[in-house]
Amino acid sequence: MRVIVTGQIGMDKKPYLDTVAKFAGQQGESLQVFHVGDMMYKEAPDVKAGKILDLPLSRLNSLRRAAFKDIIADSRDQKNVLVNTHATFRWRHGLFSAFDFDQIAKFQPDLFICLVDNIEVVHDRLHKEHEIDATLKDCMVWREEEILATELMSKAIPGSQFAIMARGRHASTTRTLFRLACRPQMKKVYPSFPMSHVVDMPEVLAEIDAFRAALAEHFITFDPGDVDEKLLLERSIAAAREGKEFLDVTPHSYGGSKNAEGTPLRVRIREVLDIAGDIDGQIYMRDFKLIDQSDMIVSLIPEIPTATGKEFPGLSSGVERELHHAFEHTKEVFVVWKPKKAPSPFITETATKIFTSVPEALKYFEQNGYFAEKNLFGN
């Protein structure tokens, strides 16, 4: 597979993609990574680190074309290739593109991936690595622009595909990107599960995490929980009610960045509240796109305990919308229904099959050939 990976500045893609390539080698696959930014700096030894975006656009474009020309030549005989680049830049020049269609077409990519990460983490990395004054709102807008521009690039290349993927908090995302590049025959799954209203239920969260891990073991998964900005917003709202100005957040992923893993970030609450609409809107857009780029949806509906001792199905409005969206877009819809109360016709009439446990679902998938590609290729 020939893959172009984009993402806004602050994603710290280089160490992440190098880790993916190393993982590929451990699986017996060659995965060549080209970092466009590094190659541009080699073309311009007079430019100090971190200053290349301050160059005039004419020279910036010339450097990029020179780098991409080398990539096209050097990757011609490579089986699997990742190109680390950007689709857009929002800098002192304003908003401008970071690609040339003629060179993208010559490279002949099979897949475009736009990487995303929690916006407070992106914002923190951006300011540690560059002298720029950007708000959380700026970063949210830039992310939308990067996703849209990457998708438009893919539409201009016949036969290519587009996917949004989160770096996420787990090492499993490294495996996911490896599989997208080197095991594209594997089935792609959207894991669906309740999120915000079970955040204070450790037993339910443990059950959900086990479900997510089981699917990630056997499929390429596009997990909506790998970006959890809704939790950031809810914590900020609660802190604002207490009169606080700042919120300390433990980032879920800092792999390869200049901060130590898990070092708390200080976020201005006012900035988080200013992007409340952006957070909700992008969750709505992104999760539906994750479903669209999947072959099927597998939803876990846990049983939720209450203070009175009664239990009820953990079927959130978000999960209901995801199941319906998948059904309407002709995806296979599988539901693991744990509650004692029977599911409604809105579940039974739209589901391909309903299971009572995760092991039962996995057994069905194995017996019906859903794991065939994994068994052929290993990890």
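Tally the residues that are of a type in the set (S, T, N, Q) and either in a helix (DSSP H, G or I) or touching a Gly at 6+ places or on another chain (Cβ under 9 Å) (or both), restricting the search to region 268-312.
Looking only at that region, the number is 1.
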Checklist line | Top-ranked residue of region 132-169 - restricted to ones that are among the charged types (D, E, K, R) and in contact with a strand residue (DSSP E or B) (Cβ under 9 Å, 6 or more places away or on another chain), ranked as modelled with the lowest pLDDT | finding: Arg167
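Residue by residue, here is whether (1) aromatic (Phe, Trp, Tyr); (2) touching a residue at least 12 places away in the same chain (Cβ under 8 Å); (3) more than 22 Å from Asp287 (Cα to Cα) holds:
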residue	(1), (2), (3)
Ser317	no, no, no
Glu328	no, no, no
Glu332	no, yes, no
Ala342	no, no, yes
Thr348	no, no, yes
Pro359	no, no, yes
Phe365	yes, yes, yes
Note to self: Being over 18 Å from Ala24 (Cβ atoms) and part of a helix (DSSP H, G or I) is true for just one of Phe211, Phe178. Which residue is that?
What the structure shows: Phe211
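Residue by residue, here is whether (1) surrounded by fewer than 18 Cβ atoms within 10 Å (Cβ to Cβ); (2) part of a helix (DSSP H, G or I) holds:
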| residue | (1), (2) |
| --- | --- |
| Leu215 | no, yes |
| Leu231 | yes, yes |
| Glu234 | yes, yes |
| Leu247 | no, no |
Item checked: Selection count where residues are surrounded by 13 or more Cβ atoms within 10 Å (Cβ to Cβ), in a loop (DSSP other than H, G, I, E, B) and among the basic types (Lys, Arg), scope region 319-372 -> 2
Note to self: Can you tell me which residue is nearest to Asp70 (Cα to Cα) among those in region 1-44 that are out of contact with any His (no Cβ under 9 Å at 6 or more places or on another chain) and among the small types (Gly, Ala, Ser)?
What the structure shows: Ala44
Notebook entry, point to check: Taking region 39-59, which residues are of a type in the set (A, V, I, L, M, F, W, C), in contact (Cβ under 8 Å) with a residue 12 or more places away in the chain and touching a Leu at 6+ places or on another chain (Cβ under 8 Å)?
Noted result: Met40, Ala44, Ile52, Leu53
Item checked: Answer residue from region 66-117, given it is at pLDDT below 95 and basic (Lys, Arg) and is farthest from Leu231 (Cα to Cα) among those -> Arg76
Checklist line | Subset tally (residues that are of a type outside the set (Lys, Arg), under 20 Å from the mean Cα position of the chain (by Cα) and assigned to a helix (DSSP H, G or I)) for region 1-54 | finding: 9
Next item on the list: Would you point out the residue of region 183-203, among those that are part of a helix (DSSP H, G or I) and touching a helix residue (DSSP H, G or I) at 6+ places or on another chain (Cβ under 6 Å), that is farthest from Leu232 (Cα to Cα)?
Entry: Val198
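The values are calculated or read from the model by the stated rules, or taken from the named source; none is laboratory data. In this text, all values refer to a predicted model and were calculated from it rather than measured experimentally. Note that each Cβ is placed from the backbone with ideal geometry, even for glycine, and that neighbours are counted across all protein chains shown.
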